[in-house]
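Everything below concerns the one structure shown next.
The values are calculated or read from the model by the stated rules, or taken from the named source; none is laboratory data. As the structure is a computational prediction, the values presented were derived from the model and not from experiment. FYI the Cβ positions are ideal-geometry reconstructions off the backbone, even for glycines, and counts take in every protein chain you see. We work out accessible area using only protein heavy atoms, side chains counted, and drop any ligands, DNA or RNA first. Shrake-Rupley method; radii C 1.70, N 1.55, O 1.52, S 1.80 Å.
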Amino acid sequence: MKLKMGTETEVEVNKRKGGLRTMPFIILNESFERIASYGSQTNLIIYLMTYYSMSAANGTSIIGIWGALSGGLAIVGAIIADSYWGRFNAVVYGTIFTFIGMVILWLTSMIPQLTTLACSHFQYVCNGPTAFQLAVLFTYFAFTSVGAGFVRPCSIMFGADQLEQKGNPENKKIIESYFNWYYASTGVATMIAVTVIIYIQDRFGWQIGFGVPVILMVLSVSTFLIGSPLYIKVKTDKENLLLGLFQAGVAAFRKRKIRLPLTGCDDYYHSPYETEVLSPSKDFRCLNRACMIEDPQRDLNPDGSASNPWNLCSVERVESLKALIRILPMWSTGIMMFVDMNVFAFSVLQTKTMDRHIFPHFEVPAASFSVFLIIALTIWITFYDRVLVPLLSKYTGRSRGLSPVTRMRIGLAVSCMSMALSAITESIRRKRAIAEGHEDDPHALVNMSAMWFVPQYALLGVAEATHGVGQIEFFYTLLPKSMASIASAICTVGTAVSSLIGSFLVSSEDWLTSRGGKTSWLASNINKGHLDYHFWILAFMSFLNLLYFLVVCRFYETENDEMSRSPHVADEEECDYRLLHES
């Protein structure tokens, strides 16, 4: 038995497949992948500065561009998954690509000729990495970017596929709760990455520190494949999704001067794969021209299909394009928060200069301080889902307590507060370092506890949890089922754009503030630089972004918070007469 879902998607309905029994395999796959990926990435700035003779600014810029590439490829991975491979195959191939990348990084720590460290044994001055060494390093970046491009947008939605139950009144609540717990589980995985893996790297060296993620990637692929017989595997869209959306835009542009009265729903072209008759929505009415049948003899083939898809598209494809356009303004408001998240490279340099002891004989690795962000994220998600939702739902009348838009607003405000606190904390640290005579020694320990950084990390964790879950719920609700992977990919693309913005901001600040022989704000010697100024700029930009968010919210009706992804089904009365107004 097969059941139609979304616009052109079919799901195999089998009582023996899907459900909660598949969650351990999916969650473990994602968890192992995240532990391996984040465990290798968090300390990477130290590795680049030590073994590739890079400055703090250059290393941070490269990591930012790498993050942008990984995020940008997520939209490509989502489209390939929805149109060709399916989400199951996309997760498998993506995990394998990440595994290959991890092996390459591990080899750079095993083979001295692949890094610049060897030159320091024979030369007083190292000329930096060779073209071959950089090529090997960038190959690692490329493979892990492609892997992330498939895994990030598809894994979370593949899990949602297993829980989707059409007709179940509790289904929406189950899916939304799943998003919260998925974020929590990935938070725990990231926590392990920035503690255990970082500790192994600091304690046992890079060879073992990069070798453990390789083993974890083997477990990631194996775990996911073991659960294969239990999965519900959503079949791909029968048409190229990206091409179809582009065709809808072209068709609407070609018919931009047409103004025809419509006397019935038969005047719209509908997908032959759909059993329900849908009518175009009233917003973005200029796009409705793309699905208008002007001349049936010319526009349609004998079998009822469109003779020229560049001139006539289905109502369902037009509605998919509209859904994508609807979410773009809200998507753009989240970019700045991800820019704020890209401060960890400099944060590692900060915490390395401070007292990191929690107990007399236990010192927290500098790169592990982001664990406080993950702890705050996990605690907040659990507290919100288990405690606040039942309480708030009684007063707001919403099943999830607060609407996704409200949660996104709170997340952006908290992110702004985190950046302001980061600027204040760094200003105190820098003044104390100079007062103690460490201005020329960036490696000297300042008589100040690194625990000062915990509040700003905690605020950033709450911001990500509140905004991130709210954003993906908002997108998942507005986009049709056939674009489910794109709903997740849109968030990941936001991180890509933020990485580019962050890299551009760092490079620009470094260039502008170092002109005339001055010391850059972002100098590798952070005691001479002014990281606090950089954080103040981020705080100001975050505040402006919050104002922008409030403006964007005015374009969304309040009921959109609870909108269904299902297209509007036309009834007979609606189809009696309709006039397409100029838009």
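To the nearest 0.05, how large is the calculated FRET efficiency for Val196 and Phe132 if R₀ is 35 Å and r is the Cβ-Cβ distance?
The value I calculate is 0.60.
As an exercise, use a Förster radius of 60 Å and the Cβ-Cβ distance of Arg386 and Trp310 to find the FRET efficiency, rounded to the nearest 0.05.
Calculated transfer efficiency: 0.70.
Non-local amide H neighbours of Asn311 (under 5 Å, H modeled in plane, Pro and chain starts lacking H): which ones?
Answer set, sorted by chain and number: none.
Out of residues 5 or more away from Lys233 or on other chains, whose amide H comes under 5 Å of its own, with H placed 1.01 Å from N in the peptide plane?
Glu12
Given the peptides 305-316, 368-379, 133-144, arrange them by the average over their residues of other C-beta atoms within 10 Å, most packed first.
For the peptides 305-316, 368-379, 133-144, the packing ranking is 368-379, 305-316, 133-144.
Could you run the Karplus curve 6.51 cos²θ - 1.76 cosθ + 1.60 with θ = phi - 60° over region 317-334 and give me ³J(HN,Hα) per residue in whole Hz, x for Gly and Pro?
5, 5, 5, 5, 5, 4, 4, 5, 5, 4, 8, 4, x, 5, 4, 5, 6, x
Which ³J(HN,Hα) values, rounded to whole Hz and listed in residue order, are derived for region 466-475 from phi using the Karplus coefficients 6.51, -1.76 and 1.60 in 6.51 cos²θ - 1.76 cosθ + 1.60 with θ = phi - 60°, glycine and proline given as x?
Taking θ as phi minus 60°, the curve returns 5, 6, x, 5, x, 5, 5, 5, 4, 5 Hz for region 466-475.
Just the accessible area per residue of region 334-439, please: how many Å² with a 1.4 Å probe?
Accessible area per residue: 41 Å².
Over region 371-478, what percent of the accessible surface lies on carbon and sulfur atoms, probe 1.4 Å?
Ligands and nucleic acids excluded, carbon and sulfur reach 66 percent.
Under a 5 Å amide H to amide H cut-off, with H placed in plane at 1.01 Å, what residues pair with Met448 once short-range neighbours are removed?
It is Asp355, by chain and number.
How large is ³J(HN,Hα) for each residue in region 193-208, as worked out from phi by the Karplus curve 6.51 cos²θ - 1.76 cosθ + 1.60 (θ = phi - 60°), to whole Hz, x for Gly and Pro?
Couplings: 4, 7, 10, 5, 5, 5, 4, 4, 5, 6, 8, 10, x, 6, 4, 6 Hz.
Rank these by accessible area, largest first, 1.4 Å probe: Lys17, Lys352. Numbers along the way, then the final one.
Values: Lys17 65, Lys352 90 Å².
From most accessible down to least: Lys352, Lys17.
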